[in-house]
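The structure appears below as structure tokens.
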Amino acid sequence: MTKAVRFHTSGGPEVLQLDDIQVGDPGPGQVRIRHTAMGVNFVDTYQRSGLYPMQLPAVAGNEGAGVVEALGAEVSDLKVGDRVCYTGLAGSYCEERLVPADRMVKLPEGISDAQAASMLLKGLTVHYLIFSTYAVKKGETVLWHAGAGGVGLIACQWLNELGVNTIATAGSDEKLALAKAHGAHHLVNYTTENFAERVKALTDGKGVPVVYDSVGKSTWEGSLDCLSPRGLMVSFGNASGPVASVNLGILAAKGSIYVTRPTLATYIATRADLVSRCNALFDMVTSGKIKIDASASYKLADAAQAHRDLEGRKTTGSVILVP
């Protein structure tokens, strides 16, 4: 038996409970891993709340790092004792689990298990957003909401390395200071300032070519006002709630703008994409160009409190669970 945090019904953090579950032997193409760290992300809260429906009961969580404990048949590129990490596989809040071997990525020397669990989902999200969803160019200015969150802090560093000017928003001056320390160039407190007016002022009225928005409902309309003609609105999260139905006519009125709602799963669907994006992230971290630290660590049994703090905007950077 192994310990796992599950929810048997959708709802608030209180529905998370620590259960004993049975983990069997790995089947063909599978490995059994022992977790040493598990990432906590907003997508976990969406699944728990029912915004993203799950088959219940469900083990919470979507990424982790650990050690390979056993191999199933047909697994040739991993061995017992390998340090590995993964993202995008629901069910990570547990001590041990079975996972498909082809979704595992070996951890290089110089990256700890805690760092891997802190950065994989978030770092890969940044990679696809700035290289694929909209390929940023040196000298451009972009708007990034929630600049002090786990994704935001990685984005501020990576964009800075690429020579891109980042306007970062956050809900407090303390969070803005953190974003600035990680490479943001312009700071906007959206609880005390009109961020759309500030963006227009910072860009001499031109607006930005792209807005990266994981906040959702509360920043949607203002974000559209920040875009230059034919700009791209990238909505990739729902921290304040999901965006309501979109009136397509407003896209014309705002200057023939574009909207996309991408997901990481689409951008790492193939093994080749997963590995190439992971390698790019690992290179940035091992070179010291991006620094990753878990800002908050909770015991597995305290997963509900981790969710409360994340949803209550009490955290900055990355949040992890440890067994």
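The residues neighbouring residue 194, those whose beta-carbon lies less than 15 Å from its own, together hold a net charge of -2 under the Lys/Arg +1, Asp/Glu -1 convention.
In this structure, the amide hydrogen of residue 37, modeled 1.01 Å from its nitrogen in the peptide plane, lies closer than 5 angstrom to those of 65, counting only residues at least 5 positions away or on a different chain. Remind me, relative contact order of the stretch 138-261 in percent, using alpha carbon pairs under 8 angstrom and six or more residues apart? Rounded, it is 20 percent for the stretch 138-261.
The mean sequence separation of alpha-carbon pairs under 8 Å and at least six residues apart, normalised by the residue count of the stretch 158-215, gives a relative contact order of 26 percent. In percent, rounded to a whole number, the relative contact order of the chain is 18, using alpha-carbon pairs under 8 Å and six or more apart. Among beta bridges from DSSP that stay inside the chain, the antiparallel ones total about 55%. All other residues whose Cβ lies under 15 angstrom from that of residue 316 are scored, Lys and Arg at +1 and Asp and Glu at -1, for a net of +1. Considering helices alone, the calculated mean residue ellipticity of the chain at 222 nm is -8500 deg cm²/dmol, with DSSP H runs of length four and up weighted by -39500 (n - 2.57) and normalised per residue. Note on residue 287 and residue 138: the model spin-label points, each 7 Å out from Cα along the C-beta direction, lie 1.3 nm apart. For the stretch 47-125, GluC sites (Glu not before Pro) are listed when DSSP marks them as loop and at most 16 other Cβ atoms sit within 10 Å of their Cβ; the list is 74, 109.
Laboratory data are not the source of any read-out in this text; all were calculated from the coordinates shown. None of these values were measured; they are calculated from a predicted model. We place every Cβ from the backbone using ideal geometry, glycine too, and count neighbours over all the protein chains shown.
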